[in-house]
Amino acid sequence: METRDIEIRRNVVERGLMAAKEFAKKNLRLVVYSATGLLAAALVFSAGYLYYESREADELARFEMILDNYRKLQISGEAERTAAINKTAAEIIAAADASYWGYVRRNGHYVAAGLYFDAHMYEQALASYLIFAKRSPGSFFAPLGLQQAARSYEAMGRNKEAIAVYTRLEKDYADSAVADQALYDAGRMYQMEGDVFKARESFNRVVTLFPKSPFARKARERLMLLGLVEARKG
């Protein structure tokens, strides 16, 4: 029985091969064109992959060299530090904008923004954080970039714009590592703006959604203080 099954399977394979052979004979030009096309596609794919790998390696090397040059600087004063940060960040941004893919393209603006932010250059930091978040919305660092953008707005006294970013974080990155803090910070900003209703709403959401978060404890403290202020007014 087993021998018969093998013979049946072999006959099926043989018939298939014979049919393919007959088709190739009758459609020789089509077969040749198809094979040539597949080979050309394979060569193009291989060449593209090798180019991609080579270019990304070159971009990473350039990116690391920019950062290494910055680390090696002997900075003596604030003016010199500001100039060095401006130069380094501009080089990183230029490298990121000249790239079409890869790590440098995705993360260059985030690194440059961090340099600006640490130097209290909030306008420049904000611009790069927003570009990074737009360019790499699926990145693990995207919500962190938006959080830093909101903090940049705060540092410049643009509280309403900071609230808009914190609200965006709550909506688009509800499962991120900074969701609890973003919601708390939105409440804090609402409180600073005098919108007690919105502030209370945000703090209550922190307590409800993230009961074990350290920001839930801070939110409860804020709610208690709001209650005391309202009681005194009453």
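The values are calculated or read from the model by the stated rules, or taken from the named source; none is laboratory data. Since the model is a prediction, treat every value here as computed from it, not as a measurement. FYI the Cβ positions are ideal-geometry reconstructions off the backbone, even for glycines, and counts take in every protein chain you see.
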**Prompt:** Is it the case that the stretch 215-224 has a residue that's touching a residue at least 12 places away in the same chain (Cβ under 8 Å), assigned to a helix (DSSP H, G or I), in contact with a Ser or Thr (Cβ under 7 Å, 6 or more places away or on another chain) and surrounded by 16 or more Cβ atoms within 10 Å (Cβ to Cβ)?
**Reply:** no
**Request:** Name the single residue, out of those in the stretch 172-184 being in a helix (DSSP H, G or I) and out of contact with any Lys or Arg (no Cβ under 8 Å at 6 or more places or on another chain), that is surrounded by the fewest Cβ atoms within 10 Å (Cβ to Cβ).
**Result:** ASP172
**Asked** Which condition does LYS212 not pass, out of (1) assigned to a helix (DSSP H, G or I); (2) farther than 28 Å from SER136 by Cα, if it passes all the others?
**Response** (1)
**Prompt:** Are any of the residues in the stretch 71-79 at pLDDT 60 or above, on the phi < 0 side of the Ramachandran plot, in contact with a Phe, Trp or Tyr (Cβ under 7 Å, 6 or more places away or on another chain) and part of a helix (DSSP H, G or I)?
**Reply:** no
**Conditions (1) part of a helix (DSSP H, G or I); (2) under 22 Å from the mean Cα position of the chain (by Cα): number failed by PHE140** = (1)
**Asked** What is the residue count in the stretch 152-166 for residues that are in contact with a Leu (Cβ under 9 Å, 6 or more places away or on another chain) and under 23 Å from LEU225 (Cβ atoms)?
**Response** 1
**Request:** Quickly run through the stretch 77-133 and pick out the residues that are out of contact with any Asp or Glu (no Cβ under 7 Å at 6 or more places or on another chain) and of a type in the set (Val, Ile, Thr).
**Result:** THR82, ILE85, THR88, ILE92, ILE93, VAL111, ILE131
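Each row is one residue, and each column tells you yes or no for (1) small (Gly, Ala, Ser); (2) modelled with pLDDT under 95.
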| residue | (1), (2) |
| --- | --- |
| ARG151 | no, no |
| GLY157 | yes, no |
| GLY187 | yes, no |
| TYR190 | no, no |
| PHE210 | no, no |
| ALA216 | yes, no |
| ALA231 | yes, yes |
**Check on ALA164, buried (at least 22 other Cβ atoms within 10 Å of the Cβ), modelled with pLDDT of 95 or more and part of a helix (DSSP H, G or I)** = no
